[in-house]
Amino acid sequence: MTRVFNDPSNFALEAVSGMATAYPQYVKAVHGGVVRATASPDGQVAVIVGGGSGHFPAFAGWVGPGMAHGAVCGNIFASPSASQAYSVAKAADNGGGIIITYGNYAGDVLHFGQAAERLRAEGYDVRTIEVSDDVASGPRDDTRKRRGVAGDVVVFKIAGAAAERGHTIDEVTELAWRANDRTRSLGVAFDGCTLPGAAEPLFHVPAGQMSVGLGVHGEPGVYEVPMGTASQIADLLVDGVMAEALEIGTEGYSGRAIVLLNGLGTVKCEELYVVWNRVAERLTDAGVTPVLPEVGELMTSLDMAGISLTITFLDDELEELWCDPVDTIALRRGAVAERAERQVSDDTDQAETPITPGSEASQALAAQVVKGLEVIKQVTIDNEAELGKLDAIAGDGDHGQGMRYGATGAVEAAHRAAEAGAGAGTLLVRAGAQWSESAGGTSGALWGAILTAFGRALGDETPASPQAIVTGVRDAVDAVQRLGGATVGDKTMVDALIPFADTLSAKQAEGVPLAEAWQQATTAAQSAADRTADFVSKLGRSRVLGEKSLGVPDPGATSFCMLMRALGDADLFASETN
């Protein structure tokens, strides 16, 4: 259990702040994460790493000479927002281009991809690298669709060392992808982790069993087997990783490999060393020579009880880069020359641009929108635990937390906008941006897009009409599908969102009053959400768990229906919209 915290919602922020004040010689805090405290040469490629918090030493613990130039740190198990990634990348830039590398998870792909696009629009040369080393999370014939676990350590170290040597951005990118494609990982869990403030772990492993194929965001494994001895656990991990050794290719490989034995949070070093004895024996028998192996907590999952094994099959160039000096909070090797202090100006977190007041009619509508967002916030608070449990069955358990964080941030931004005289459109756009910023993760990106699209449809001049509201809902559907790529049947929020939009549009066209049409649309959405229990997930983190998602409705579709029902019951629709 995660026992030590103040306000759970501030846990990740306080942890990063504490790390920066504890190790000022290594990192400086900026909006969204940290950057190196020491200067880098002008023209050097900047390697930016990142993801959700709860994985120490990932990600801030890997910032320093020989590894990353900056780390973007989201909420617990939730991807950082696009603005956080943009901020850290700008603060860490050295003028040689920017590589953003992270584990291959839907939310990270969304937010880091948005940040990269924004940076490219400003003239930066930006590349993204999605680490995909987990053998349990995808097929052998399409490994880049797998998720990233402890293999992050290898890819980030190779990229950082190549940048340190002065390689071009093309060269660093190629080497990082080469390291990724030669890396394989597999993990087992003995029990789940507990989010700060939660009363129960995200999952339990049945007594006498261990769960194979865990994820580092608190996801359970894909199947259970009887609990084994240390040697039997080692055999399972080695067999699972080495099964794909021949498929990696033999070009440049001479039997030397990076080997990481990782504790996920509760399994401690003495236990890991017992397992390592058998791992080393098995690798020797297989003709594999470990090069500077690492045994310890390399990528945790809060307090999860689990172990993972990572192997990277080296060529000479990758081996040299792995062995190069590095000086970070969590990984230190060799001698790194003393460097000057980096001057960091955290001016990328600019104050919001002034608001142009909306029309009187739109300001009145904005006041109704604030009430609606307050309703949404309360629903997320009341249902946080339920949504978290639903998400934990076949996901990472953070959906309820993320929805509450997002809605709370949106309400705060809405109040600020209303006090400044914003119309409904601007207020919703501001609220959407803050929802994405506060929540992170896939749901943060999608709900941010929903509010933004709806706001743009309403504008700041005219009162809302039934047609304008239907148009806003349609625009929101388009934004979600464009951003997330989901279609009906993928077991996502889209399965409820599209029936809601279709029914609302049809009933409005028939002349049904908006309040009644909204209720009928919610009923249609709820029926569709309930049917997702019969689907196997095709997108997101729950995709990895396949059959485990059967019998459970999609959390995103379920929370969407909760919010739509609450809005309908709150009688927020002004008489002029009917």
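Taking every residue in the range 503-515 that is outside any helix (DSSP H, G or I) and pairing it with any residue that is of a type outside the set (A, V, I, L, M), at least 6 positions away or on another chain, the pairs with Cβ-Cβ distances below 7 Å are P513/N578.
Counting only residues that are in a helix (DSSP H, G or I) and not small (G, A, S), which one in the range 98-112 is surrounded by the fewest Cβ atoms within 10 Å (Cβ to Cβ)? Break it down stepwise before answering.
Here is the first cut: in the range 98-112, the residues in a helix (DSSP H, G or I) are 106-112.
Filter once more, so that each one left must be not small (G, A, S): 108-112.
On the way: D108: 29, V109: 19, L110: 25, H111: 32, F112: 30.
Within the range 98-112, the match that is surrounded by the fewest Cβ atoms within 10 Å (Cβ to Cβ) is V109.
Checked against the criterion of being at pLDDT 95 or above, in the same structural domain as V154 (by TED's automatic domain parsing), part of a loop (DSSP other than H, G, I, E, B) and of a type in the set (D, E, K, R), the range 85-97 contains one or more residues that satisfy it. Closer than 29 Å to G197 by Cβ, assigned by TED's automatic domain parsing to the domain that holds V126 and either at pLDDT below 95 or not hydroxyl-bearing (S, T, Y) (or both): is that true of M19 in this structure? Criteria met by M19. Look at (1) closer than 19 Å to G52 by Cβ; (2) not in a helix (DSSP H, G or I) and you find that Y405 fails only one, number (2).
Kindly provide the set of residues from the range 389-402 that are surrounded by 22 or more Cβ atoms within 10 Å (Cβ to Cβ) and assigned to a helix (DSSP H, G or I), ordered by number. Steps first, please.
Initial filter on the range 389-402 (surrounded by 22 or more Cβ atoms within 10 Å (Cβ to Cβ)): 391-392, 394-402.
Across the range 389-402, the qualifying residues are D391, A392, A394, H399, G400, Q401, G402.
With respect to A78, determine if the residue is in a loop (DSSP other than H, G, I, E, B), in contact with a Leu (Cβ under 6 Å, 6 or more places away or on another chain) and not charged (D, E, K, R). No. If the condition is being crowded, with 22+ Cβ neighbours inside 10 Å, within 26 Å of the chain's Cα centre (by Cα) and not in a loop (DSSP other than H, G, I, E, B), then the range 266-304 contributes only M304.
From the list V88, V30, V4, which one is among the β-branched types (V, I, T) and in contact with a strand residue (DSSP E or B) (Cβ under 7 Å, 6 or more places away or on another chain)?
Values: V30 fails: in contact with a strand residue (DSSP E or B) (Cβ under 7 Å, 6 or more places away or on another chain); V4 fails: in contact with a strand residue (DSSP E or B) (Cβ under 7 Å, 6 or more places away or on another chain).
V88 is the lone residue from the list that is among the β-branched types (V, I, T) and in contact with a strand residue (DSSP E or B) (Cβ under 7 Å, 6 or more places away or on another chain).
For G421, the conditions (1) at pLDDT below 95; (2) on the phi > 0 side of the Ramachandran plot; (3) more than 20 Å from the chain's Cα centre (by Cα) all hold with the exception of (1).
Which members of the range 414-428 meet the condition of being surrounded by fewer than 24 Cβ atoms within 10 Å (Cβ to Cβ) and either in contact with a strand residue (DSSP E or B) (Cβ under 8 Å, 6 or more places away or on another chain) or within 23 Å of S9 (Cα to Cα) (or both)? Talk me through it step by step, then tell me what you get.
Kept after step one, since they are surrounded by fewer than 24 Cβ atoms within 10 Å (Cβ to Cβ), are these residues of the range 414-428: 415-416, 418-421.
Result: H415, R416.
Of all the residues that make up the range 47-69, how many are in a strand (DSSP E or B) and farther than 11 Å from T101 by Cβ? Working first, answer last.
Step one: list which residues in the range 47-69 are in a strand (DSSP E or B), which gives 47-53, 55, 58, 63, 68.
Okay, now just the ones that are also farther than 11 Å from T101 by Cβ, so 52-53, 55, 58, 63.
Residues in the range 47-69 being in a strand (DSSP E or B) and farther than 11 Å from T101 by Cβ: 5 in total.
Scanning the range 416-438 for residues that are in contact with a helix residue (DSSP H, G or I) (Cβ under 6 Å, 6 or more places away or on another chain) and within 15 Å of A82 (Cβ to Cβ) yields V429, G432, Q434, W435, S436, E437, S438. In the range 438-489, how many residues are within 18 Å of Y105 (Cα to Cα), part of a helix (DSSP H, G or I) and aliphatic (A, V, I, L, M)? Residues in the range 438-489 being within 18 Å of Y105 (Cα to Cα), part of a helix (DSSP H, G or I) and aliphatic (A, V, I, L, M): 5 in total.
The values are calculated or read from the model by the stated rules, or taken from the named source; none is laboratory data. It should be emphasised that the depicted structure is a prediction, and the values quoted were computed from it without experimental measurement. Positions of Cβ are generated from backbone atoms using ideal geometry, with glycine treated the same way; all protein chains shown enter the neighbour counts.
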